[in-house]
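In what follows, a single structure is set out as structure tokens and then discussed.
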Ligand code: PLP
């Protein structure tokens with residue numbers, strides 16, 4: 001085994017980490033941590049620390065760490081057939097089985113799944129398909145995509161543009177010109193509007209209408225949104241939000257892409273966020289919970305309405321010119337099959353609903369009264385605490401005070417991983433779906449202790 005100082009040096013000299021302060025890391029000023037193992041909801045680092053992972057990696061290790069069934073399925077697949085491509089109709093037993101399992105879990109009107117590797121490439125696929133769709137239908141002008149401020153849809157050129165968080169745009173020359181951002185459905189963050197929640201929903205729908213009117217409905221192809229906002233701050237939509245948005249989209253013949261990278265496969269206590277909120281999307285993005293991150297795999301799930309146009313396209317032009325070498329990779333597919341089976345066998349969708357509700361209630365009871373806690377919110381296995389400088393006037397902290405990072409560092413000292421969400425002073429939790437009530441209590445206790453320490 002390599003010595004810690006050797007690993008540290010190699011890390012600093014060679015490894016360009018995602019979403020990391022590059023200079024601080026290279027100078028050895030950032031808190032890097034070498035993770036060595038995981039079991040259930042816990043991970044271990046090289047120094048022997050055992051941490052309760054209250055964020056399931058990056059909301060992805062839904063079944064928890066160290067699942068033998070998935071490891072065995074991956075090993076068996078690697079031995080039998082490590083790779084063959086999925087082009088021109090090829091498949092493996094694992095990829096065909098997984099496609100069937102996915103479609104059995106998606107809303108009735110969905111028809112096919114296109115497999116990719118991660119959420120970003122799946123959303124890139126989705127936008128290409130939307131453009132292809134409108135070109136086949138003879139509507140070459142209908143191309144713009146509406147996303148929301150604080151939405152997160154990935155880090156590619158198009159998906160980084162769709163993402164409505166400015167650090168993903170700055171100095172990258174994004175967003176691309178085809179992308180527009182509309183109001184985010186965070187009622188809590190808009191005290192300035194001084195309106196009821198119901199009026200705020202109408203406001204969001206009106207803002208969307210205004211944007212469509214200004215641009216021309218015949219130029220807008222699709223609207224993309226996470227059923228419940230994740231990286232932008234873990235924000236459940238206000239009641240009636242999706243009904244109001246869907247009505248506007250339907251009126252203007254604009255496709256709806258539900259980005260279910262976080263919400264897909266049980267995180268909200270339902271198989272999909274679309275089912276949870278009653279959306280009828282044309283395309284659904286899936287990733288993380290598909291394999292619980294035991295191997296990279298994602299999917300673009302296409303409705304029958306869109307699929308029929310795709311078929312027409314192929315009949316006119318031949319095979320679709322879109323493919324990844326690793327699409328439907330057999331090892332990812334084998335992991336997916338074993339993972340979804342485990343989700344069923346352990347009743348994890350149901351557990352996410354019940355233990356998730358327990359976690360959210362307990363968190364409210366424990367910290368909502370604190371003068372620096374403005375909001376405690378969540379659904380299923382998503383929970384967030386948002387801090388405010390002044391509770392009564394809902395005055396937010398100056399971002400330079402870095403309250404969110406301070407609280408997440410204090411939670412870590414308690415042996416629990418929470419995430420300082422990149423927008424606002426928000427501490428987020430998205431634990432594995434197998435979390436128990438006792439483990440939920442640990443998250444809540446650590447949060448309360450951290451708040452006491454920081455404020
Ligand atoms: N969409 C959503 C809603 C996400 O939360 C993420 C990642 O967190 C992505 C897309 C991008 O997925 P990936 O990081 O696998 O490319």
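The values are calculated or read from the model by the stated rules, or taken from the named source; none is laboratory data. Here the structure is a predicted model, which means the values were calculated and not measured. A quick note on method: Cβ atoms are made from the backbone with ideal geometry, for glycine too, and the neighbour counts reach across all protein chains shown.
Count of segment 314-364 residues, restricted to those that are crowded, with 18+ Cβ neighbours inside 10 Å, in contact with a helix residue (DSSP H, G or I) (Cβ under 7 Å, 6 or more places away or on another chain) and part of a helix (DSSP H, G or I), is 17. Within segment 421-440, being closer than 13 Å to residue 360 by Cβ and in a helix (DSSP H, G or I) holds for 437, 440. Regarding segment 67-85, can at least one residue be identified that is out of contact with any helix residue (DSSP H, G or I) (no Cβ under 8 Å at 6 or more places or on another chain), within 29 Å of residue 222 (Cβ to Cβ) and away from the ligand (no atom under 16 Å from the Cβ)? The answer is yes, given that some residue of segment 67-85 is out of contact with any helix residue (DSSP H, G or I) (no Cβ under 8 Å at 6 or more places or on another chain), within 29 Å of residue 222 (Cβ to Cβ) and away from the ligand (no atom under 16 Å from the Cβ).
Taking the criterion of being outside any helix (DSSP H, G or I) and either surrounded by fewer than 20 Cβ atoms within 10 Å (Cβ to Cβ) or free of Cβ contacts under 8 Å to residues at least 40 places away in the same chain (or both), the residues of segment 271-295 that qualify are 278, 280. For segment 231-249, the set of residues classified as within 23 Å of residue 199 (Cα to Cα) and within 16 Å of the ligand (Cβ to nearest atom) consists of 232, 233, 234, 235, 236, 237, 242, listed by residue number. Would you mind stating whether residue 245 is at negative phi and at pLDDT 95 or above? In short, yes. Selection of first residues in segment 250-267 that are closer than 10 Å to residue 223 by Cβ and more than 16 Å from the ligand (Cβ to nearest atom) and of second residues that are modelled with pLDDT of 95 or more and part of a loop (DSSP other than H, G, I, E, B), restricted to Cβ pairs under 9 Å at least 6 apart or on distinct chains, gives the following pairs, ordered by first then second residue: 254/142; 255/281; 255/282. If you go through segment 365-383 and keep only what is outside any loop (DSSP other than H, G, I, E, B) and touching a helix residue (DSSP H, G or I) at 6+ places or on another chain (Cβ under 9 Å), you end up with 365, 366, 367, 373, 376, 377, 378, 379, 382, 383. Scanning segment 107-129 for residues that are more than 13 Å from the ligand (Cβ to nearest atom) and under 19 Å from residue 280 (Cβ atoms) yields 107, 108, 109, 110, 111, 112, 113, 129.
Would you be able to say whether some residue in segment 43-54 is touching a residue at least 40 places away in the same chain (Cβ under 8 Å), on the phi > 0 side of the Ramachandran plot and within 23 Å of the chain's Cα centre (by Cα)? The answer is no; no qualifying residue exists.
Does residue 19 satisfy being modelled with pLDDT under 95, out of contact with any strand residue (DSSP E or B) (no Cβ under 7 Å at 6 or more places or on another chain), closer than 26 Å to residue 429 by Cα and surrounded by 12 or more Cβ atoms within 10 Å (Cβ to Cβ)? Judged against the criteria, residue 19 is not a match. Scanning segment 190-241 for residues that are in contact with a helix residue (DSSP H, G or I) (Cβ under 7 Å, 6 or more places away or on another chain) and in a strand (DSSP E or B) gives 220, 221, 222, 223, 224.
Could you tell me whether segment 210-221 includes any residue that is under 28 Å from residue 360 (Cα atoms) and away from the ligand (no atom under 15 Å from the Cβ)? So far as segment 210-221 goes, no, none of its residues is under 28 Å from residue 360 (Cα atoms) and away from the ligand (no atom under 15 Å from the Cβ).
Only one entry of 186, 155 meets the criterion of being within 16 Å of the ligand (Cβ to nearest atom), buried (at least 20 other Cβ atoms within 10 Å of the Cβ) and in the same structural domain as residue 327 (by TED's automatic domain parsing), and that entry is 186.
Looking at segment 95-110, is at least one residue assigned by TED's automatic domain parsing to the domain that holds residue 306, under 30 Å from residue 423 (Cβ atoms) and without any contact (Cβ under 8 Å) to a residue 40 or more places away in the chain? Taking every residue of segment 95-110 in turn, none turns out to be assigned by TED's automatic domain parsing to the domain that holds residue 306, under 30 Å from residue 423 (Cβ atoms) and without any contact (Cβ under 8 Å) to a residue 40 or more places away in the chain.
For first residues located in segment 133-149 and touching a residue at least 12 places away in the same chain (Cβ under 8 Å) and assigned by TED's automatic domain parsing to the domain that holds residue 305, partners that are part of a loop (DSSP other than H, G, I, E, B) and buried (at least 18 other Cβ atoms within 10 Å of the Cβ) and lie 6+ apart or on another chain with Cβ distances below 6 Å form the pairs 134/142; 147/164; 148/164; 148/184; 149/164; 149/184. Within segment 158-177, the residues that satisfy the criterion of being without any contact (Cβ under 8 Å) to a residue 60 or more places away in the chain, within 24 Å of residue 117 (Cα to Cα) and surrounded by fewer than 18 Cβ atoms within 10 Å (Cβ to Cβ) are 169, 172, 176.
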